[in-house]
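Student: My structure is below; once you've seen it, I'll send some questions.
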Amino acid sequence: MSQSPPDAIAPDALLIEQLARDAVTHLPDPYRAAASHVLLIVEEFPSADLLEAMQIEDPFDLTGLYEGTPLTERSLTDPPLLPDRIWLFRRPILDEWVDRGDVSLAELVTHVMVHELAHHFGWSDDDIARIDPWWE
């Protein structure tokens, strides 16, 4: 494996966000507009409270999270109290990217983003596989 130059800089949160937004622009038409209304937040790591609530010990084990009510579970009489959000966690994503060594950062971010959008849309595994071939 080749080493990075000593002055190489790790991809920052803005690049992760741009890659995630690019993933949304490549969604099939019926989903693209709705996905663009989900708030996207990129943080270094999940919070300690979130990890505790999800019973996750290692912060590197969580690359993304959907927070909201899936569209398949919504009622017109119960408007959401908060906007739907997708959290992407930069350091766990970068760690997985380096560990894998066989996918581009864009492919990995797209995969995480599509997985989180699947929660929002209520997609089945077959639905995800049609949109993200890596899922197969």
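Where a number appears in this text, it was derived from the coordinates with a stated rule and is not lab data. Given the structure is predicted, the values throughout are model-derived calculations rather than measurements. Please note: Cβ atoms are built from the backbone with ideal geometry, for glycine as well, and neighbour counts cover all protein chains shown.
Student: Answer rounded, prolate or oblate for the stretch 91-136, using the Cα gyration tensor with square roots of eigenvalues a ≥ b ≥ c: rounded when a/c is under 1.5, else prolate when a/b is larger than b/c, else oblate.
Tutor: prolate
Student: Let me ask something else. Please list, in order, the residues from the stretch 12-55 whose amide nitrogen is less than 20 Å from a point placed 7 Å along the Cα→Cβ vector of Leu71.
Tutor: What the label zone holds, given the 20 Å backbone N cut-off, is 20-41.
Student: Report Rg/Rh for the chain, rounded to two decimals, where Rg is the Cα radius of gyration and Rh the Kirkwood radius.
Tutor: 0.99
Student: Using amide H atoms built 1.01 Å from N in the peptide plane, name the residues 5+ places from Asp84, or on other chains, whose amide H lies under 5 Å from its own.
Tutor: Long-range HN contacts for Asp84: Leu39.
Student: Given Cα pairs under 8 Å that are at least 6 residues apart, what percent is the relative contact order of the stretch 28-136?
Tutor: 30 percent
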